Structures are given as C-alpha cells and as structure tokens.
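> Once you've had a glance at the structure underneath, I'll fire off some questions.
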Amino acid sequence: MVEQQGRRLGIMGGTFDPIHYGHLVTAEAARDCFALDEVVFVPSGRPPHKSRSQPCSPEHRAMMTLLAIITNPHFSLSRIEVDREGYSYAIDTIRSFAEQYGPDTEIFFITGADAILEIAGWYQADELFQLASFIAATRPGFDLQGLNRLPEAWRQRIHSFDVPALAISSTDIRRRVAQGVSIRYLLPETVENYIIKEGLYVRQ
Ligand code: ATP
Ligand code: MG
C-alpha cells in the first residue's frame, strides 16, 4: 500500500442495528468539522456490551451500513470486526488501522458523547487514548461534567461538538418496526427497503 502523508482518518464504530441518520449526520458533521479525509464505518461483530440476545446478524448489519454510506465518497465500510472471530475490542480495531495507515495518519474515533465515559472503562483504555483522539457528538446543551473525572491526558484527546438530530436511535427504530409504526425519514430509504425485504425486526 502506498502510504499517504498527514491523513486524518475518522472511525465510526457501532452496532448499526440498524444504521440511521443519527449515525450518518454525526459522521458527516465530524468529517466537516475536524477536516477528516475519510470516515470508515466499522460494524461490530458480536457486540459484548449489548444485552439483547439476538441482534441482527453481522452480515445484515454490514449490508445495511454499506447501503447507507455508498453514495458518500468520503465514507467507507470496514468488515474488520464482522470478519473477526469472537468478541472485538476497539483497541484491536484501532491498532489494526494504526498499522495499516502508518504513523502519518491521525486517527479520530467518532462516538456519541454518552459513550465516552463508557469508553474510559474499556479494555486497555490507556492505549486507546494513545492511539486515537475522540470526537464526541453531543446534543446542544449536553452536560459534559462527567468527563472531569477522567485523567487530564485523556481529556485532552476528547473533542466534543454539537450535532442535531440526536434523538434517533436504533432501539427506537427496531421497536417501531415491531409495532408496525413508520420508520420513514429516520434512516435512508435503501436501508428501510432492505429491512422490509429481509423481514428484520418484525419480532423483537
Ligand atoms: P441502540 O439503540 O441499539 O443502542 P444506537 O442508535 O445507539 O443503537 P449504536 O450502533 O449503538 O446506535 O451507536 C453507534 C455509535 O453512534 C455510538 O457511538 C453512539 O453513541 C452513536 N450514536 C447513536 N445514535 C446516535 C445519534 N442519534 N446521533 C449521534 N450519534 C449517535
Ligand atoms: Mg447505543
């Protein structure tokens, strides 16, 4: 691979069960606001943090992610966690991106602000904060007080920014499908059609 100089890479990890406009708006706003060259969407394999016993298969989630991002030239899909056996830890994913892109690429991990405190408790968080900066999407007026508990070195690696449309969630979309309520305009039409075609989320 030809190494590119001084690239800024965004990584948007998630279950994407299903992907929705909250994720897409956040990734695009982060790209714009932090001058990222590219945002890679990384659907999780078997999610260790989710309590729901049967989320959609990684294949379905990867396919919906691809359908959602395909028209944006700055977005791409990584199957790294989908193809990996067993649990995936963010640290392993970020390590592989760091190796693949080389030292001239700065890595930004994009997440909802609510998730940041959770991340601080993740496996090998120390190395995580060394390898990547974090872009935390907040609701306008969101209280970031909780971050004060984190070590200073980590806090310096967290950039927060306001994103509209944060009320959309995959949980709500799954519930709507199960109840026969419209999900139109909450996610791309291609993804909606895929959900209908494959009969996803009909039963919770
Ligand atoms: P679920 O309801 O199943 O938890 P979700 O909508 O939170 O799903 P995830 O796949 O869990 O979606 O989220 C992936 C990432 O996107 C996380 O960092 C999360 O904080 C962030 N995120 C989720 N929903 C939004 C949203 N509406 N706006 C901005 N970021 C979001
Ligand atoms: Mg979530």
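The values are calculated or read from the model by the stated rules, or taken from the named source; none is laboratory data. What you see is a predicted model, and the numbers here were worked out from it, not measured in a lab. For neighbour counting, all protein chains shown are included, and Cβ atoms are generated from backbone atoms with ideal geometry for every residue, glycine included. Protein only, heavy atoms only, side chains kept; ligands, DNA and RNA dropped before computing areas. Shrake-Rupley method; radii C 1.70, N 1.55, O 1.52, S 1.80 Å.
> Tally time: how many residues in the range 163-195 are within 22 Å of residue 70 (Cβ to Cβ) and exposed (fewer than 13 other Cβ atoms within 10 Å of the Cβ)?
4
> Please determine, by comparing only the residues of the range 61-99 that are in a strand (DSSP E or B) and open to solvent by 30 Å² or more (accessible area, probe 1.4 Å), which one is nearest to residue 36 (Cα to Cα).
Among those residues, the one meeting the criterion is 76.
> Among residues belonging to the range 148-162 that are among the hydrophobic types (A, V, I, L, M, F, W, C) and touching a residue at least 40 places away in the same chain (Cβ under 8 Å), point out the one that is surrounded by the most Cβ atoms within 10 Å (Cβ to Cβ).
158
> So, in the range 161-184, how many residues would count as being within 30 Å of residue 35 (Cα to Cα), away from ligand 2 (no atom under 14 Å from the Cβ) and out of contact with any helix residue (DSSP H, G or I) (no Cβ under 8 Å at 6 or more places or on another chain)?
Going through the range 161-184 one residue at a time, the tally reaches 1.
> Moving to a separate point now. Give the residue that is nearest to ligand 2 (Cβ to nearest atom), with candidates limited to residues of the range 87-117 that are in contact with a strand residue (DSSP E or B) (Cβ under 8 Å, 6 or more places away or on another chain) and among the hydroxyl-bearing types (Ser, Thr, Tyr).
Across the range 87-117, the extreme among qualifying residues is 111.
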